[in-house]
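S.K.: After the structure tokens below, expect a handful of questions from me.
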Amino acid sequence: MADATRQVIDLYGGGVTLVPGGIKVRDQAKVRSPATDRLVWQAVFANGEERDAARWLLWELGQITGARPASINDLYLARGRGECGGFTVPAINVRMLGYDTARAIFRAARAGKAGAIILEIARSEIAYTEQRPAEYVSVIIGAALREGYTLPLFIQGDHCQVNHKKYQADPGGEIGEVKKLIAEEVGAGFYNIDVDTSTLVDLSHASLEQQQRLNYEHAAEITAFIREQEPAGVTVSVGAE
């Protein structure tokens, strides 16, 4: 890993150096250079230690520059208290060509002096685009670095959805798969999660309570699980369908 770490640091030609306990950015312009393109490429397409070293460096650069994964929870609470307002928060599903798409979003945000933006990917989209959470977070951070975007990154697991057919065949197994994905997402830096148990609503029942019972019970169960996964100092923003 040491050789792989030196190799990714060297991409910046002295603009980034290793120091005890981490890294130091000595030239911000080099972080915005094509060197970051190469670093993101390695984070996505390399294997083993080379991939892991690239992802580590992207994370560390994000922590230093301010382009770091964050929860939008505190902003929403402040909005509810009337401490801020006059803006909307777009939630954009970044799927195909993730790096280029995210770069365009951050470029537009800087030009328009926009602040809070949610960048998200759904359970289904993770599957068909073959972008696991750690890769996705690396790409989003890299895009922010390349465009000089230094605000918090609200990365969201959109539609962490229970598959109704799979639930009918194996309820515990399907809920377990959703929890497994959420643990992977939170561990990678998805500090905003959209729980979708709406597929379990059963309109064949006469009462609203019975129609919604599986929906709200499993939503509460998954929310409690999310709270168990939170890193120290982070309150994951949880939404629901």
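No value in this document is a laboratory result; all are computed from the given coordinates. For clarity, every value in this text was computed on a predicted model and none was experimentally measured. Here Cβ is always computed from backbone atoms with ideal geometry, including for glycine, and neighbour counts include all displayed protein chains.
S.K.: Nearest 10 degrees, 0 to 90: what angle lies between the long axis of helix 48-65 and the longest principal axis of the chain (Cα atoms)?
M.R.: Helix 48-65 sits at roughly 90 degrees to that axis.
S.K.: Something else: Quick check: the angle from helix 208-229's long axis to the longest principal axis of the chain, C-alpha only, nearest 10 degrees?
M.R.: With rounding to tens, the tilt is 30 degrees.
S.K.: Between M96 and K166, how many nm apart are label points set 7 Å from Cα along the C-beta direction?
M.R.: Calculated label separation equals 2.4 nm.
S.K.: To check my understanding: the extent here is largest minus smallest coordinate of the Cα atoms along each principal axis. What are those three numbers for region 2-65, in Å, largest first?
M.R.: 28, 26, 19 Å, listed from the longest principal axis down.
S.K.: Kindly provide the helix-only [θ] at 222 nm of the chain, computed as the sum of -39,500 (n - 2.57) over DSSP H runs of four or more divided by all residues, to the nearest 500 deg cm²/dmol?
M.R.: -17000 deg cm²/dmol
S.K.: With a cut-off of at most 10 other beta carbons within 10 Å, and DSSP calling the residue loop, which trypsin sites (Lys or Arg not before Pro) in region 58-102 qualify? Please list them.
M.R.: Within region 58-102, the qualifying trypsin sites (Lys or Arg not before Pro) (loop, at most 10 other Cβ atoms within 10 Å) are R81.
S.K.: Further question: Using the count of nearby Cβ atoms within 10 Å as a rough guide to exposure, how do D158, D194, D100 rank from fewest to most?
M.R.: D100, D194, D158
S.K.: So how far apart, in nm, are the two label points at F87 and S207 if each is 7 Å from Cα heading toward Cβ?
M.R.: According to this spin-label approximation, the distance is 4.5 nm.
S.K.: How do E241, E147, E130 line up, fewest other C-beta atoms within 10 Å first?
M.R.: E130, E241, E147
S.K.: So, one more: Based on the Cβ-Cβ distance of R79 and T235, what FRET efficiency does E = 1/(1 + (r/R0)^6) give at R0 = 22 Å, to the nearest 0.05?
M.R.: Calculated transfer efficiency: 0.90.
S.K.: Moving to a separate point now. Here are labelled values, (i) 15.2; (ii) 13.0; (iii) 17.6, and one is the computed mean projected area of the Cα convex hull in nm² for what I pasted. Which one?
M.R.: Looking at mean projected area of the Cα convex hull in nm² for this model, the match is (i).
S.K.: A further question follows. Take the alpha-carbon centre of region 155-171, take the same for region 52-119, and report the distance between them in whole Å.
M.R.: If you average the Cα positions of each part, the centres end up 26 Å apart.
S.K.: Near K166, which lysines are there with a Cα under 16 Å away, not counting those fewer than 8 places off in the same chain?
M.R.: Straight-line reach from K166, under 16 Å: K179, K180.
S.K.: A follow-up question, please. Which one of G172, T36, A220 has its Cα pushed farthest toward the positive end of the charge dipole of the chain, where Lys and Arg give +1 and Asp and Glu give -1 at the Cβ?
M.R.: With unit charges placed on the Cβ atoms, the residue in question is T36.
S.K.: How would T88, T235, T5 line up from fewest to most surrounding beta-carbon atoms within 10 angstrom?
M.R.: T88, T235, T5
S.K.: Right, next: Please express the shape of region 162-241 as an equivalent ellipsoid: the semi-axes are the square roots of 5 times the eigenvalues of the C-alpha gyration tensor, given largest first in whole angstrom.
M.R.: Output for region 162-241: semi-axes of 25, 14, 9 Å.
S.K.: Helix 35-45 versus the longest principal axis of the chain: what angle, 0 to 90°, nearest 10, using Cα atoms?
M.R.: The angle comes out near 40 degrees.
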